[in-house]
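> Questions regarding the structure given below will be posed in turn.
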Amino acid sequence: MSHQLTDNPIINNLIGLSRHHCTQTLTSQGVDSIEFGHWLAIPSQRLLLVFRHQQCVAIDSYQVAA
């Protein structure tokens, strides 16, 4: 990732972690997330964690559809 999408160091440190570990980390910090497909959405930050083989490989932002 060439630039930081968030100033939250907890979220920035999720790259490389398993889906389960990411979910546990977010929950322990009081950050709500929604699991679906190969993504884990963090609505409060408008971020998607992208997983490949159950490992977080990218963090991407998204916009709310109108």
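> Enumerate the calculated ³J(HN,Hα) couplings along the stretch 37-45 in order (Karplus 6.51 cos²θ - 1.76 cosθ + 1.60, θ = phi - 60°), each rounded to whole Hz, writing x wherever the residue is Gly or Pro.
Per-residue couplings from phi come out as x, 9, 10, 10, 8, 10, x, 5, 9 Hz.
> Considering only protein heavy atoms, what per residue accessible area in square angstrom results for the chain with a 1.4 angstrom probe? Walk me through the numbers before you get to the answer.
Working: 4550 Å² over 66 residues.
So the chain comes to 69 Å² accessible per residue, rounded to a whole number.
> Continuing with this model, one more query. Using a 1.4 Å probe on the protein chains only, how many percent of the accessible area of the chain belongs to carbon and sulfur?
Within the chain, the accessible surface is 50 percent carbon and sulfur.
> Ranked from the most accessible area to the least, with a 1.4 Å probe and all protein chains present, what is the order of Arg19, Arg52, Arg46? The partial results should precede the final answer.
Values: Arg19 30, Arg52 155, Arg46 125 Å².
Highest to lowest solvent-accessible surface, that is Arg52, Arg46, Arg19.
> Given R₀ = 25 Å, what would the calculated FRET efficiency be for Arg52 paired with Thr27, taking r from the Cβ atoms and rounding to 0.05?
0.70
> Also, quick follow-up: What does the helix-only formula give at 222 nm for the chain: each DSSP H stretch with n ≥ 4 adding -39500 (n - 2.57), the total divided by the residues, and the result rounded to the nearest 500 deg cm²/dmol?
Using -39500 (n - 2.57) per qualifying helix, the result is -5500 deg cm²/dmol.
> Take Val31, Val64 and sort them by solvent-accessible surface of the protein heavy atoms, 1.4 Å probe, largest at the top.
So, going from the largest accessible area down, we get Val64, Val31.
> Taking only C-alpha pairs under 8 Å that are 6+ residues apart, what is the relative contact order of the chain in percent?
Worked out over the chain, it gives 29 percent.
> While we're on this one: Counting C-alpha atoms alone, how compact is the chain: give Rg to one decimal and Dmax as a whole number, in angstrom.
In Å, with Rg to one decimal and Dmax whole: 10.9, 32.
The values are calculated or read from the model by the stated rules, or taken from the named source; none is laboratory data. Owing to the predicted nature of the structure, the values given are computational and were not obtained by experimental measurement. FYI the Cβ positions are ideal-geometry reconstructions off the backbone, even for glycines, and counts take in every protein chain you see. These accessible areas exclude ligands, DNA and RNA; they are computed on the full protein's heavy atoms, side chains included. Shrake-Rupley method; radii C 1.70, N 1.55, O 1.52, S 1.80 Å.
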